[in-house]
Each structure stands twice: as structure tokens, then as C-alpha cells.
1. In the list Y213, Y258, which residue meets the criterion of being closer than 30 Å to R132 by Cβ and of a type in the set (F, W, Y)?
2. T68 - would you say it is closer than 29 Å to S155 by Cβ and modelled with pLDDT of 85 or more?
3. Of all the residues that make up segment 147-160, how many are under 35 Å from the mean Cα position of the chain (by Cα) and of a type in the set (G, A, S)?
4. Got a sec? Which of L223, L182, L247 is closer than 25 Å to S49 by Cβ and at pLDDT 95 or above?
5. Look through T119, T174 and report the one residue that is at negative phi, surrounded by fewer than 16 Cβ atoms within 10 Å (Cβ to Cβ), touching a residue at least 12 places away in the same chain (Cβ under 8 Å) and touching a Lys or Arg at 6+ places or on another chain (Cβ under 9 Å).
6. Taking the condition modelled with pLDDT of 95 or more, crowded, with 19+ Cβ neighbours inside 10 Å and not assigned by TED's automatic domain parsing to the domain that holds S43, does T252 pass?
7. Being farther than 20 Å from T268 by Cα, touching a Cys at 6+ places or on another chain (Cβ under 8 Å) and of a type in the set (V, I, T) narrows it down to one residue among T115, T82; which is it?
8. When you go through (1) in contact with a strand residue (DSSP E or B) (Cβ under 6 Å, 6 or more places away or on another chain); (2) farther than 30 Å from L38 by Cβ one by one for A172, which number turns out not to apply?
Amino acid sequence: MRIRATAAAVSAVTGALALTGLAVPAAQAADSGTPYTLDVSFSNFKIASSIKVGTTAAVSTKVSYTLTHGSDVDPTASDFYTDALLYRGTLDGTEDSSDGVSGGPATCTVTSATTATCTGTLDIYPADGDLRNADAGTWKAAAEAVDFNGQDPNSNNLDLSKVGYKDQGDLATTKVLRLGKLTANASPEPVRKGRTITVTGKLTRANWETGKYAGYSGQSVKLQFRKKGTSTYTTVKTIKSSSTGGLSTTVTASVDGYYRYSFAGTATTSAVSATGDFIDVQ
């Protein structure tokens, strides 16, 4: 999978050939006819509710969907391809200039004479510039299919009028989120009972354009405590992150336990909780 434009203006054939990693010269495509609408439809699309993306590591997300097809379509043919994609705005690109995240060919298993279950992955490569910060938020899911019907995509005599293509949008939604990170440090250690404990930390999130993590300012973050020997954190107070994402507050030492910060997330940034920092109260 790579980032590719979803605009129909690039032509349906460009999208279809993108599934196979192939391409034809623009002049050739212009002289070879137009693909017909393939007799397929897509439904029951399943994808994770959110995709958390950092600054460097590629992120893979599994998808599955049902392909319903006419009797003249063979989804098991060697020259039949289908894949899933994510897009923003409209599928034809008329409302949004952003690219779409598309996958490699999916694998389809026949379930009846006219249906198949298809599975694949969508891979995002933030280090390669696949995303801009403005891309964080809700994305729509789509699927597409192409049937070459025995035509050789590499041939100079490719007759596109014999190639079938169909795409379908608004199948599901998911959130592509900037990965959040959070730290916590409680001091001094050890501390006498009744003395003041200062808990510092920092809330940052992935900046897809710089490839670094930057402070997330003005966000509500909970300070939580877990007593030694227990497994549940309780909220002590809520504070706001500084202009640099910094966090700092004080509490009174009472019993041994762990302090951490917890961030609920936003429409563009993933939720995250820091690792608890142990305080020995003497």
C-alpha cells in the first residue's frame, strides 16, 4: 500500500491499475477506451475504530468486507483484483484534495455463487510523508475492484473497454489519530508522610510533518493514584498541560503507591496513560 490520489479525474483505469502496481502512459490510456462498470458491490466492511500513527513506524490495519458479484465475474481469476482504501472528503476527490490510503490486493474466499469474503491490510508509512497533521480525524472506508478479463495490463494493445472497474465509498469510518505520549515522575523518593510530592510530566503527540513528537498544550490531564497492592487507579485531580505540553502539580504524601497522568484523547490524538511512578512513603 502507498498513498495515492482518489480523484476520479485521474480516471478509473489509473485506480484499477494502481491495484496491481501497474500503469499505462497517459496517451495510451486516452486512446484505448474507457472501462465498463464492473458488476460488483461491497458491504459488511470491518475495520478498527481507530488507527494510532506515530512518527516513524509503519502501521498496519486489517480490513474485511463482502464482495457481491454478477455471474459473469470470477473473483478467483488471476487477473481480478480488489482492495480497500481510506479517504477524506468524497471518493472522487471533489471536496478534499488529500490523498487516500489504499492497500495491496485483498484475498477473497468464495462463500456462494455470487459472494466472497475479502481480507486485506491498510498500511500507513508516516516516515514517508503519507500523512499531514491536518489529516488526523475521521476517515471513510471504500473498496474497489478491477477485472482485466484476459487483457494484458502491460500490453501496448490493451483495450480498456474490455476492463471492468467499480469503486464504492461510505462503507465504514475510522479515526486516524496522531499517537500521544505521556510521562510522569513523582518526587522526592522516598518521602515522609504528610510532606509534599511533586508530580511532573509531559504530554506530546506525533507531528507527521516534522517526524518528531511535540508538546500538546491546553489539554485536560488527570493525575491518578494506585495504592500499593491494588490494581485500580483513582483520579486525584485534573490539570491542564502548559504551552509546551508540560505537567506539574503537588499532592500530600500518605501511603505507598503509584502516581501517573492519564489523557482521554481528542478527535485528532490518541488516549494515553503514563507508566505509574512509585512513591515510598515513610
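1. Details: Y258 fails: closer than 30 Å to R132 by Cβ.
Y213 is the lone residue from the list that is closer than 30 Å to R132 by Cβ and of a type in the set (F, W, Y).
2. On the way: closer than 29 Å to S155 by Cβ: no; modelled with pLDDT of 85 or more: yes.
It is false that T68 is closer than 29 Å to S155 by Cβ and modelled with pLDDT of 85 or more.
3. Looking only at that region, the number is 1.
4. Just one listed residue meets the conditions, L182.
5. Values: T174 fails: surrounded by fewer than 16 Cβ atoms within 10 Å (Cβ to Cβ).
Among T119, T174, only T119 is at negative phi, surrounded by fewer than 16 Cβ atoms within 10 Å (Cβ to Cβ), touching a residue at least 12 places away in the same chain (Cβ under 8 Å) and touching a Lys or Arg at 6+ places or on another chain (Cβ under 9 Å).
6. No: the conditions fail for T252.
7. After applying the criteria, what remains is T82.
8. Every condition holds for A172 apart from (2).
The values are calculated or read from the model by the stated rules, or taken from the named source; none is laboratory data. Note that the coordinates shown come from a computational prediction; the quantities given were computed from them, not determined experimentally. Positions of Cβ are backbone-derived with ideal geometry, glycine not excepted, and every protein chain shown enters the neighbour counts.
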